[in-house]
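J.: Questions regarding the structure given below will be posed in turn.
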């Protein structure tokens, strides 16, 4: 466990039981969502290859335009 994660757990241990449970539920949900995202990306590799090939073909055919950078205000 990293030092930063240990510090976070030490701080969380000072919370009430209800707050600890809420934090734990949020952390577990975040970890599950990260795993779900990784799975979706891994499973979509073929589709991404197809989309990339189509984008390159459009670019080579002169059907694309350069993007202008946007200045955030």
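J.: Taking only segment 36-52 into account, find how many residues are in a helix (DSSP H, G or I) and surrounded by 10 or more Cβ atoms within 10 Å (Cβ to Cβ).
T.: Filtering segment 36-52 for residues in a helix (DSSP H, G or I) gives 36-43, 45-52.
From what is left, the residues that are surrounded by 10 or more Cβ atoms within 10 Å (Cβ to Cβ) are 36-39, 41, 48-52.
Total satisfying the criteria: 10.
J.: Quick check on my filter: what residues within segment 25-53 are more than 30 Å from residue 9 (Cβ to Cβ) and either in contact (Cβ under 8 Å) with a residue 24 or more places away in the chain or in contact with a helix residue (DSSP H, G or I) (Cβ under 9 Å, 6 or more places away or on another chain) (or both)? Full working, then the answer.
T.: Residues of segment 25-53 that are more than 30 Å from residue 9 (Cβ to Cβ), as a first pass: 43-53.
Matches in segment 25-53: 48 only.
J.: Could you figure out which of (1) surrounded by 10 or more Cβ atoms within 10 Å (Cβ to Cβ); (2) at pLDDT below 95; (3) assigned to a helix (DSSP H, G or I) isn't true of residue 64?
T.: (3)
The values are calculated or read from the model by the stated rules, or taken from the named source; none is laboratory data. In this text, all values refer to a predicted model and were calculated from it rather than measured experimentally. Using ideal geometry, Cβ is built from the backbone for each residue, glycine included, and neighbour counts are taken over all protein chains shown.
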